[in-house]
Each structure stands twice: as structure tokens, then as C-alpha cells.
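Heads up: the structure comes next, in C-alpha cells.
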Amino acid sequence: MHNVSWDVVTLPKHLGGLGIKKGLACNKALFAKRVWALCTNSCNAWAETLRKSHSPIRKFLQDPLHANDTTLKVKDTWDKNGNWDLNGLSFVLPRQVCNIIRVTPKPFQSSLNDLPTWNSTSNGQFSTHLAYFLATNLPTETNSQNWKWVWKTHTIPRGMTFLWLACHNCLPTKHHLALKHILNDESCPLYHSNPENHHSYP
């Protein structure tokens, strides 16, 4: 009998789950890690093989960008007057994104080269952990109830699990089993006039 839904079980522990990762979202995050390495000029043999246009693996890859877009840099989207020129892109960006780009000033001097950055991290480096959160549409930061205290309780693991089930109102009490049509009688064996639920424990 499953007392807690799979969507709750696969939530991170600080959001009330057990921290079990979903397989599909985990695969997406790991695949994104390889794509990031490919886009950041990884010197690994597999990356060099995929970059070669004559590679037999290349024909199985679907790339939404044209060949010129893969080498496009920020400076290539500026005209001679230093204004943004997005007409050279092979795809159409949403109007809101275009407006954000156009109000971004061009730096007068820059000693840094163009390079890909991951905007979900402070250092711009790719994070598989955050990629998993994005794949599952989970909030990376939350102000909701923090469930970590459940797993920091000084008791045996079975006691932590009991407490976690109680907080989710999913203890296999007679009342809960009656709601699932497993039992017909939900009365408490100690307090016969009341249904047995987790509030009945002394």
C-alpha cells in the first residue's frame, strides 16, 4: 500500500520528500551536462568526435541552430554604431527577450572573451544539481516550510520515517485505511467514540 504519492516521495528532503530522483529528469540533467561540455570546447575525445561534421554520429543529432549560430558571439550582434542588431540570427527571439537585450548597454572596454555562462549559478558554471531542479520545475529557493528538521531529529531512522509520515498525515491508522476502503471500522481501540488517526496518540 502506497501511503504517499510518488510526486511527494521524489521531492527534495527540504521540500517534504525523500530526495529520490526522477529517472527522466535526472537523465535530462546529465545530458545537459554533456551538451554544456560540448559547447564549452571540451577536449575530451567524445566531444571532438561529435564536433567533426563528417562524424557518422553527427547525422543522428538534431540541432535547432544553424552552423553559423554555433560560432556566433555577442560582438557579432552589434552593428558598426555599437547598437544591437538581432537580424543576423536564424531564429526569432520572444519580444520580451529582445527588449531585455536591447536595453543592455554595450561595454566600452572589455578584456574578457565571449564565453557561455550558466545564469542559474553565481560563478556561471554548469550545475547538474540545479539542472535537475529545472528539469522537474522545482524551485531552487523556497520560503516554504523547511522539512530538514525531520531528518535531524535525534532518534532511530524508523522514528524519522514515522514522523515524516505523520507530518504528511499518511500514517496507516484505521481512519486512513478506511478512507482507502481497506477497513470498514475506523474507531480507535482505546477511544471507541473517536476515529483512530495520528491525533489520537497520547
If we keep only residues of the stretch 20-36 that are touching a helix residue (DSSP H, G or I) at 6+ places or on another chain (Cβ under 7 Å) and modelled with pLDDT under 90, then the residue surrounded by the fewest Cβ atoms within 10 Å (Cβ to Cβ) is LYS33
Over the stretch 83-96, the set of residues surrounded by 11 or more Cβ atoms within 10 Å (Cβ to Cβ) and not hydroxyl-bearing (Ser, Thr, Tyr) is TRP84, ASP85, LEU86, GLY88, LEU89, LEU93
Checked against (1) exposed (fewer than 12 other Cβ atoms within 10 Å of the Cβ); (2) closer than 18 Å to VAL8 by Cα; (3) modelled with pLDDT of 85 or more, THR161 satisfies every condition except (1)
Within the stretch 67-82, the count of residues that are touching an Asp or Glu at 6+ places or on another chain (Cβ under 7 Å) and either modelled with pLDDT of 80 or more or surrounded by fewer than 11 Cβ atoms within 10 Å (Cβ to Cβ) (or both) comes to 5
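The values are calculated or read from the model by the stated rules, or taken from the named source; none is laboratory data. No experiment lies behind these values; they were computed from the predicted model shown. Cβ atoms come from the backbone with ideal geometry, glycine included; neighbour counts cover every protein chain shown.
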